[in-house]
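K.L.:
Here you go, one structure.
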Amino acid sequence: MFDRLNDDVRTALAKDPAATSALEVVLTYPGLHAIWAYRVAHWLWERDATLLARLLSHLTRFLTGVEIHPAAEIGERFFIDHGMGVVIGETAEIGDDVLLYHGVTLGGASMRREKRHPTLEDGVTVGAGASLVGPITVGEKAAVGAGAVVVDDVAPETTVVGNPAEPADEAVGSERPDPIIADG
């Protein structure tokens, strides 16, 4: 358990150039606090303590501004930078080494009890304010630009921008192939 906590702190230090120390990260990073609480809630969810898991996720949302459903599947070295306004739905799947910025929504597109939230494969980066909706897959090492609305699958190692999102090199009026992923 302590190895995982240390790994989370090292990930925050590596992915946020504003981080100055491990102590600062542990005490002041709401995205990290939300991930730690999610892990406890997910553990409870898997043991059929679903009401307790939901209560913990609700309290965590109140304290951090980050809402992660306890049934979501999240990999190693996941980092939420800034945190506020992030929503991760029940059937979302997030791989290893994924980075989300504030205001990201991994939302559902169905009212049925089925896979209805996005899958983010390993190494994905999602910019501030992006909305990914439905049972789509964002491929390995892909990037989603800030404010993008993604409703279709994204190929590995592709950057998508806009509403609706499309590859940056195909975006109308795109002057730069690599958009600014986040502010802050």
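The values are calculated or read from the model by the stated rules, or taken from the named source; none is laboratory data. Please read all numbers here as calculations on a predicted model, not as lab measurements. Here the Cβ positions follow ideal geometry from the backbone for every residue, glycine too, while neighbour counts run over all protein chains shown. What goes into the accessible areas is simple: the full protein's heavy atoms, side chains included, and nothing from ligands, DNA or RNA. Shrake-Rupley method; radii C 1.70, N 1.55, O 1.52, S 1.80 Å.
K.L.:
What is the one condition in (1) touching a strand residue (DSSP E or B) at 6+ places or on another chain (Cβ under 9 Å); (2) on the phi < 0 side of the Ramachandran plot; (3) at pLDDT 95 or above that Asp8 does not satisfy?
P.N.:
(3)
K.L.:
In addition: Does His42 fit the bill of being more than 10 Å from the chain's Cα centre (by Cα), of a type outside the set (Ser, Thr, Tyr), crowded, with 19+ Cβ neighbours inside 10 Å and closer than 20 Å to Arg4 by Cα?
P.N.:
So His42 passes the test.
One line per residue, one yes/no per condition, for (1) surrounded by 17 or more Cβ atoms within 10 Å (Cβ to Cβ); (2) modelled with pLDDT under 95:
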| residue | (1), (2) |
| --- | --- |
| Met84 | no, yes |
| Leu99 | yes, no |
| Gly103 | yes, no |
| Lys115 | no, no |
| Ala128 | yes, no |
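K.L.:
Right, here's the next one. Just to be sure I understand the filter: pairs with C-beta atoms under 7 Å, separated by 6 or more residues or on different chains, first member in the range 82-108 and under 20 Å from Ala71 (Cβ atoms), second member aromatic (Phe, Trp, Tyr) and modelled with pLDDT of 95 or more. Which pairs pass?
P.N.:
As it stands, the answer is Ile94/Phe78; Val98/Phe78, since those pairs meet every condition given.
K.L.:
Right, Leu120: buried (at least 23 other Cβ atoms within 10 Å of the Cβ) and hydrophobic (A, V, I, L, M, F, W, C) or not?
P.N.:
Answer is yes for this residue.
K.L.:
Do the conditions hold for Thr11, that is, is it in contact (Cβ under 8 Å) with a residue 12 or more places away in the chain, within 20 Å of Gly123 (Cα to Cα) and in a helix (DSSP H, G or I)?
P.N.:
Here the answer is yes, as Thr11 does meet what is asked.
K.L.:
Shifting gears a bit: Are any of the residues in the range 65-79 touching a Lys or Arg at 6+ places or on another chain (Cβ under 7 Å) and aromatic (Phe, Trp, Tyr)?
P.N.:
Scanning the range 65-79 turns up at least one residue that is touching a Lys or Arg at 6+ places or on another chain (Cβ under 7 Å) and aromatic (Phe, Trp, Tyr).
K.L.:
Please determine, by comparing only the residues of the range 46-82 that are in contact with a Ser or Thr (Cβ under 9 Å, 6 or more places away or on another chain) and of a type in the set (Gly, Ala, Ser), which one is least open to solvent (accessible area, probe 1.4 Å).
P.N.:
Among those residues, the one meeting the criterion is Ala72.
K.L.:
Can you list the strands (runs of 3 or more DSSP E) found entirely within the range 57-166 that contain at least 1 residues being over 25 Å from Pro17 (Cβ atoms)?
P.N.:
Answer list for the range 57-166: 105-107, 131-133.
K.L.:
Quick one: Ala18 ticks every box in (1) surrounded by 13 or more Cβ atoms within 10 Å (Cβ to Cβ); (2) not in a helix (DSSP H, G or I) bar one, so which box is it?
P.N.:
(1)
K.L.:
Further question on the same structure: Take the residues of the range 147-184 that are touching a Phe, Trp or Tyr at 6+ places or on another chain (Cβ under 9 Å) and open to solvent by less than 50 Å² (accessible area, probe 1.4 Å): which is modelled with the lowest pLDDT?
P.N.:
Across the range 147-184, the extreme among qualifying residues is Ala182.
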